[in-house]
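The values are calculated or read from the model by the stated rules, or taken from the named source; none is laboratory data. Everything numeric here is computed off the predicted structure, so don't read it as measured data. Using ideal geometry, Cβ is built from the backbone for each residue, glycine included, and neighbour counts are taken over all protein chains shown.
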Amino acid sequence: MNNALPFEDLEAGRARVAVSFGGQDLHLPEGANLAAALLGAGITTFRHTPASGAPRGPFCMMGACFDCLVEVDGVTRQACMMEVSDGLVLDMPQAGER
Amino acid sequence: MARVDLAIIGAGPAGMAAAQLAAGKGLSVCILDEQPRAGGQIYRDVDRVAPLRGDLLGKEYIEGRALTAGLGAPGITHLAGAVVWAIEEGPRLAYTQDGKGALIDARHVLLATGALERPMPLPGWTLPGVMTAGAGQILLKQSGVMARRAVLVGSGPLLYLIAAQMVRAGTPPLAMVETQTRGDFTGALRHIGGALRGWRYLLKGLGLLNEIRRAGVVRHTGAHGIAITGEGRAEAVEFTAFGRAHRIACDTVFLHHGVVPNTQAARSVGVAHCWNTQQRCFVPELDGWGATSVGCLHIAGDGAGIGGAKVAALAGRLAALDIAARLEAIDATARDTEGASLRRAMLSELAARPFLDAAYPPLPEALAPADKTIICRCEEVTAGDIRGYARLGCIGPNQTKAFGRAGMGPCQGRYCGLSVTQILAKENSQSHDATGYYRIRPPLKPVTLGELAAMDDAPEAAE
């Protein structure tokens, strides 16, 4: 356990699967909420805004704010509305793209 | 295409309670919800999580299992992971589930879409690491993910609940930066009668405060001049309290100064809304059963005005009774008889609300933010920008879209709408009702062409 990370995972014992985020290999709890799992793995910036390029991460965790957007297979989706599955390949949405 | 008597949007307390009652009266019910499991935000994932950490989350959370269990009743179909993006004439709902678009026809629709956190625009509130207190609770409930070094900022009972839960989990917040003042409390005392009638809520609040105090969590009150600072992410909360400047280093900031009705779905079909002075937000105009100005549409729960989970469940049942009577499953006498006791229970649950609303008011500097503060998170439009639009003749939120894209990003105004209304109302010296709100149009949530193409019951084919 890394105590320097901003978040602690109370369900750390869950089975993990391989996921990549922006080329970084991660092992996340299978079936967990994707945004929560990324936060638990120490990822704080999920994307940069199209307007100014400012960093953003999850804000509402209930599908309303659209700040936790990630790119999955070329489609921009809300990480807080997805579950972790094996082999998920995630990227930051292209900065400047609307 | 599926066809049911009653389609309910939202599987929180209002939607679940309504589904069970309506099905019990013989109606076929379909309840659609965005989340993979029933519960809404208040009882999020309660079936899976209660055995894991129910002790930490508290008795009231576990009680949600009575409502989720009710969804197993015959006559109820629960569509999980179903995102409704349009409510059309008919009524007919368009939604996406498992990457496929679909339609459902209903004789009546109940909106039980709950609440959103009241927008709390402060300097730095868009930095990664700054989240709503509701988000902090969702992380803890659903995922067991706890912030190690968090500061709670704002006011209200939810802030004490999450602090107590963090204490129980062994990760107490670094500090509570509370914004209510002694004057707010003194002013709230004129509602003390109601507060005493709603003593259970007060007792619960005192219990939480005791837990927080025993854990040694530092509480600042009357905080103002609040800013979240950091390079690329939240690193500290800075504020002033009782004339002294403070800076607390942290990784995570949870913001909260109340919740407000999520009116997106109701507005998309033209339900009339009005400004509620006590709760400082827009609420839909409803009769005593939750019926709207639009035919075949009721609203229940926090989406109708903030009352909390217990009130929401009661309001859901009241709406279901009226809908059952309108669909002639029961007669008006049965509706009125059963409704009377529900209404009494609801009034008793609401008794403490005026006291709480007055004792924990929204933070003034987040209602009238400094010019440089971002209001529209999506398009990064500041309070100063919006004041500038007002000087150029912008009188309502819809015009701000044309002036500078405020409210035109993916969240469709959910986290800036109320702020924009309040800033324009003040700048133009107009009432909130005259200033109005964004016009909300479908799709309520983004839908991809792939999801539309996968729709196997297109409207033409179904006719």
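For this structure, a couple of remarks:
- Sole residue being assigned to a loop (DSSP other than H, G, I, E, B) and either touching a residue at least 40 places away in the same chain (Cβ under 8 Å) or of a type outside the set (Ser, Thr, Tyr) (or both), chosen from B:399, B:430, B:422: B:430
- All positions within the stretch B:156-203 that are surrounded by fewer than 13 Cβ atoms within 10 Å (Cβ to Cβ) and at positive phi: B:170
- The stretch B:397-420, subset within 14 Å of chain A (Cβ to nearest Cβ) and among the hydroxyl-bearing types (Ser, Thr, Tyr), residue nearest to residue B:385 (Cα to Cα): B:419
- Subset of the stretch B:30-77 [of a type in the set (Val, Ile, Thr) and under 22 Å from the mean Cα position of the chain (by Cα)]: B:31, B:42, B:46, B:49, B:62, B:68
- Number of the condition not met by residue B:58 [criteria: (1) modelled with pLDDT of 95 or more; (2) away from chain A (no Cβ under 12 Å)]: (1)
- Any hit, the stretch A:25-36, residues being within 7 Å of chain B (Cβ to nearest Cβ), touching a residue at least 24 places away in the same chain (Cβ under 8 Å) and over 30 Å from residue B:417 (Cβ atoms): yes
- The single residue among B:150, B:133, B:94, B:164 that is under 30 Å from residue B:367 (Cβ atoms) and more than 14 Å from every other protein chain (Cβ to nearest Cβ) turns out to be B:164.
- Taken over the stretch A:50-80, the criterion of being out of contact with any Phe, Trp or Tyr (no Cβ under 8 Å at 6 or more places or on another chain) and more than 7 Å from chain B (Cβ to nearest Cβ) is satisfied by A:50, A:53, A:71, A:72, A:73, A:74, A:76, A:77, A:80.
- Scanning the stretch B:1-53 for residues that are farther than 18 Å from residue B:315 by Cβ and assigned to a helix (DSSP H, G or I) gives B:46, B:47, B:48, B:49, B:50, B:51, B:52, B:53.
- Count - residues of the stretch B:385-400 that are among the aliphatic types (A, V, I, L, M) and surrounded by fewer than 16 Cβ atoms within 10 Å (Cβ to Cβ): 1
- Residues being within 12 Å of residue B:22 (Cα to Cα), assigned to a helix (DSSP H, G or I) and among the acidic types (Asp, Glu) - total across the stretch B:301-351: 1
- Residue within the stretch B:188-196 that is touching an Asp or Glu at 6+ places or on another chain (Cβ under 7 Å) and at pLDDT below 95 present: no
- Filtered residues of the stretch B:282-295 (kept if modelled with pLDDT of 95 or more and out of contact with any Gly (no Cβ under 8 Å at 6 or more places or on another chain)): B:282, B:285, B:286, B:287, B:288, B:290, B:291, B:292
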